[in-house]
1. Subtract the Cα-Cα distance of THR72 and ALA24 from 0.36 nm times their separation in residues, and report this length gain in nm to one decimal.
2. Mind giving me the FRET efficiency for LEU214 and LEU80? R0 is 25 Å, r the Cβ-Cβ distance, nearest 0.05 is fine.
3. Could you sort the peptides 185-191, 30-36 by per-residue average Cβ neighbour count (10 Å cutoff), highest mean leading?
4. Can you list residues from other chains, or at least 5 along the same chain, whose modelled amide H is less than 5 Å from the amide H of ASN76?
5. Starting from the Cα of ASN51, step 7 Å along the direction of its Cβ; do the same at LYS279; then give the gap between the two resulting points in nm.
6. How many times 2.2 N^0.38 Å is the alpha carbon radius of gyration of segment 2-313?
7. Answer with one residue from ASN274, LEU308, LEU80: the one whose Cα lies farthest towards the positive end of the charge dipole of the chain, charges on Cβ with Lys, Arg +1 and Asp, Glu -1.
8. By per-residue mean of other Cβ atoms within 10 Å, what is the highest-first order of 15-24, 245-254?
Amino acid sequence: MYSFIDDQERRKEKHLIWAATRSALENIEFFRNKNGKKSKSRWDLLVRLLNIFAVLLKFTGYYSKGYSNAKTIRINKITLDYPDLPAAFDGFRILHLSDLHIDHIPGFASIINSQVKKLEFDICFLTGDYRKDLSGSFAHILKPFKILSRYIQAPFGTFAVLGNHDTYLMAQYEKEVGIELLVNESVEIEKDGQKILITGTDDPFNYYTEQAMLCLETRGYDFKIALVHTTELAKTAAANKYDLYLCGHTHGGQICLKDGFPLISHQFEGKRFNHGQWKIGKMTGYTSRGVGVSGIPIRFNCPAEITLITLVRK
């Protein structure tokens, strides 16, 4: 059903180099993105401000409403049509999950499972941020993640990339939870003799390296999908003729004004990338509002989503 572009030995070599690089990036005092370095203290300050905001919400009585909103996940079904989609993939269904932060709300995995098990899909993509914190232990998310994994196994595979809340150490559990982690690499999906390409990159928001950009320089496929945690590599993907770009990270703002305008989006590519569908040239992109929450476990005017995308040949 699927096969990696690189052979096993080449993949092993690349993963070792990536793990060494990512390990170093995770342990220095600065994050790195395409625009240079940024201090970790900015995140610490934001968390303190959010905690103050949470206290104010509790005082006014709005916190419980926001918490209830955060536990309500919508199924968002969309259809995307492409004239160059291989005929074998007409009607191909993609389950897209992003920003699970599965440990932020007690029992949240069960809420996700109750929604996912209703759906039928051919392939599953996860675009990063599986835990609440930026660092520290993640052992406590393994059990709920394994349970979730039972419901997201797909006929053509279940693939994931890492986000800025994740660690390279999670890679050692991919087989255990039944998920293929794409680390700056590509995989071919074959159906009825026809192929599409899936490319997954490492997180470019805090752990950017040139390998994330270089792995998108692919050739020779009629249809290509890029999986990236943020929108930061969208222009690179479009320049390399990717057809679909799936990401998350923004949570759609999580806390928005009534018109959907986010108070904080954590992305700098433009407001059209905050959530939902967008285009760069011929490439269609989709930014998920995310399944879970970050900072404080509340949502306003920005419902959580599980996305089911159907590809059709125009």
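1. Values: separation 48, 0.36 × 48 = 17.28 nm, distance 3.76 nm.
This chain segment gains 13.5 nm when fully extended.
2. For LEU214 and LEU80, the calculated efficiency is 0.40.
3. Result, highest mean first: 185-191, 30-36.
4. ILE306, THR307, LEU308
5. That separation, rounded to one decimal, is 4.6 nm.
6. Normalised by 2.2 N^0.38 Å, the Cα Rg of segment 2-313 equals 0.95.
7. About the Cα centre, the residue reaching furthest to the positive side is ASN274.
8. 245-254, 15-24
Just so you know, all these numbers are worked out from the coordinates, no wet-lab data involved. No experiment lies behind these values; they were computed from the predicted model shown. Neighbour counts are summed over all protein chains in view; Cβ atoms, including those assigned to glycine, are modelled from backbone coordinates with ideal geometry.
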